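The values are calculated or read from the model by the stated rules, or taken from the named source; none is laboratory data. As the structure is a computational prediction, the values presented were derived from the model and not from experiment. Ideal geometry is used to build each Cβ from the backbone, glycine not excepted, and the neighbour counts take in all protein chains shown. Surface accessibility is based on the protein's heavy atoms, side chains included, excluding ligands, DNA and RNA. Shrake-Rupley method; radii C 1.70, N 1.55, O 1.52, S 1.80 Å.
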Amino acid sequence: MKLLGLGEQEDTETDDRSVSSDDKSQYFNSASDTFSSKGKKKSSGSQQQDHYALLGLGHLRFLATEDQIRKSYRDMALKHHPDKQAALILAETTEEAKQAKKDEIESHFKSIQEAYEVLIDPTKRRIYDSTDEFDDDVPTDCAPQDFFKVFSPAFMRNGRWSVTQPIPSLGDDATPIEEVDKFYNFWYNFKSWREFPDDDEYDLEQAESREHKRWMERQNAKLQEKAKKVEYARVRTLVDNAYKKDPRIQRRKDEEKAEKQRRKDAKYLAKKQQEEEAARAAEEERKRKKEEAKKAAEAALNQKKQKEKEKKLLRKEKTRLRTLAAPVVSESHFGLSDEDVETACASLDMEQLKKLSDGMEGKDAAEKARLLSSALHKESSSKEAKKSDANGVEGSASKSNSTGGKATQGSNILNSYEKKERPWGKEEVEMLRKAIQKYPKGTSRRWEVVSEFIGTGRSVEEILKATKTVLLQKPDSAKAFDSFLEKRKPAQSIASPLSTRDETVSSSTEGAGTASSKAAAQPASSQTANGKAAVDPVPDIAPSVTDPDAWTETQVLALVQALKAFPKDASQRWERVAAAVPGKTVVQCKKKVAAMRENFRSKKSGE
């Protein structure tokens, strides 16, 4: 029961606390509602008194210093003190008039005291100066010549609110642009101390409590913030209007625009000049190449004409020699024949032929035969002399020393090898094809670059000749499939003994006895010739002619390799497989593959 009672008591206390908290929240809500309806300022119809005028500082107003305010207050207090104004009261005739005059004097003196209390306190004076008469108008437009007359007073007027003093001056048309930039930077970062007490909705002196006063301060702060935003927007509008209309800023913008356009034009002219120079250089290069090509063509044409002319003259001289030597050959003087005449035509040059023909002109047959025989003898003797000289040089070089002889022999062999045309290998041909594709027509020094790309020391003449001969050769169709197998699978090719199947078949038809005797005689003869015992490898047993479906191990291995080389998606797969297996057709290959699959499946099922 005690525990139950205690529990009931705790529940009751919890309910009381919840009720008290709800009451407190309702109290604050109701208090805030009552705050909004209490303490509002009452609009006064009468205008506030002029504190500066009461102290005699109406001409200075916000420019008046603290010392001036104190001095003016002392003077005005002595002058308007009620004790100093007794004579004015006594001058009145009636008691009512005296009382009214006395009240007026005391009221005026109190106003002087109130003005002093407001102006001597910095906070109250700032609030009062913020509500003092002020022209908030912002100039919007003006003529360029009237800019300084219109905007300079506006900036001086608004400068009274600046926290930073003194404020910079707008200047005139001759002010340096640096000073102008400093002026606008100051006003774009303008900080004002101006307050707006007239916008406050609540009077703090009418607050009923501390919470009520704080709530009033928050409400008034919100209104002050809005008023300050409006004030800063007004000042910013003034600065923007002035910046747009300032002739100095406009002048600088025009200069910058002109400078930008000048740089753009200069860049365009430079680019255009560069393009013209490049076009001119390209045109000159084209003309130079055209002239060089024209000269080369003319030189080649002249050389060709000269060669043709020389050939024509040579043919003419040969024909002349044959005509002059015809009687000599017909009469067989000195045993000369047509072959001797042709030998003279082939071995003698044009000058020698002309000299010989001129000597034989108008002579009899015997003299012609003597001259022709003498020319042939001289030509043969000169050839023998050259040959003996060459042999003598080689003999002396070989007798000098063995080392030098070997080097000379190697160099002679090398020179003779270089004179002969080296055959082109497969790798060189492939490199040549790649080089021609990599360096197309129009490449500078194309054939020299191709020669360097191949890297085997081929000359330009050899490469040009190869492009017209080696590259134009069609691949051998008989070796096309072998090359494909080498590229497709670089494994070693299968040496099948069935490559001699025709020979085996032909030999088998002659008879078993003859084949065995030949097979026995061949190893014996080889042993007799070499003097050694040679063991021949045992070939695979060839299938019988009557059983074409029989397969050797070599054929099975070739079939497996072909199946690996040609997958299922390869075109004409079975034709290629049959071509890779010697002695088998497509049908036989398919049957063998099916049998191999069946055998593999039966073995797998048996396991």
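Points to keep in mind about this one:
- Filter result for Ser111 (in contact (Cβ under 8 Å) with a residue 40 or more places away in the chain, within 24 Å of Asp83 (Cα to Cα) and assigned to a helix (DSSP H, G or I)): yes
- Among residues of the stretch 234-246 that are of a type in the set (A, V, I, L, M, F, W, C), those with a Cβ under 9 angstrom from a residue that is assigned to a helix (DSSP H, G or I) and open to solvent by 70 Å² or more (accessible area, probe 1.4 Å), sequence gap 6+ or separate chain, pair up as Val239/Tyr188.
- The number of residues in the stretch 559-607 that are farther than 16 Å from Asp549 by Cβ and of a type in the set (D, E, K, R) comes to 11.
- Among the residues making up the stretch 187-210, those that are open to solvent by 70 Å² or more (accessible area, probe 1.4 Å) and in contact with a helix residue (DSSP H, G or I) (Cβ under 7 Å, 6 or more places away or on another chain) are Tyr188, Asp199, Glu201.
- Test for Tyr243: is it open to solvent by less than 90 Å² (accessible area, probe 1.4 Å), assigned to a helix (DSSP H, G or I) and under 30 Å from Phe151 (Cα atoms): yes
- Among residues of the stretch 125-160, those that are crowded, with 17+ Cβ neighbours inside 10 Å, among the charged types (D, E, K, R) and modelled with pLDDT of 90 or more, counted: 0
- Residue in the stretch 419-455 that is surrounded by the fewest Cβ atoms within 10 Å (Cβ to Cβ), counting only those that are assigned to a helix (DSSP H, G or I) and over 34 Å from the mean Cα position of the chain (by Cα): Lys419
- Only a single item in (1) in contact with a Ser or Thr (Cβ under 8 Å, 6 or more places away or on another chain); (2) under 20 Å from Ala233 (Cα atoms) is not met by Trp215, and it is number (2).
- Number of residues in the stretch 140-192 that are touching a strand residue (DSSP E or B) at 6+ places or on another chain (Cβ under 8 Å) and assigned to a loop (DSSP other than H, G, I, E, B) equals 3.
- Screening the candidates Glu92, Glu96 for the property of being over 60 Å from the mean Cα position of the chain (by Cα), loosely packed, with under 12 Cβ neighbours inside 10 Å and acidic (Asp, Glu) yields one hit, Glu96.
- Of the numbered criteria (1) within 58 Å of the chain's Cα centre (by Cα); (2) hydroxyl-bearing (Ser, Thr, Tyr); (3) surrounded by fewer than 16 Cβ atoms within 10 Å (Cβ to Cβ), the one Tyr184 fails is (3).
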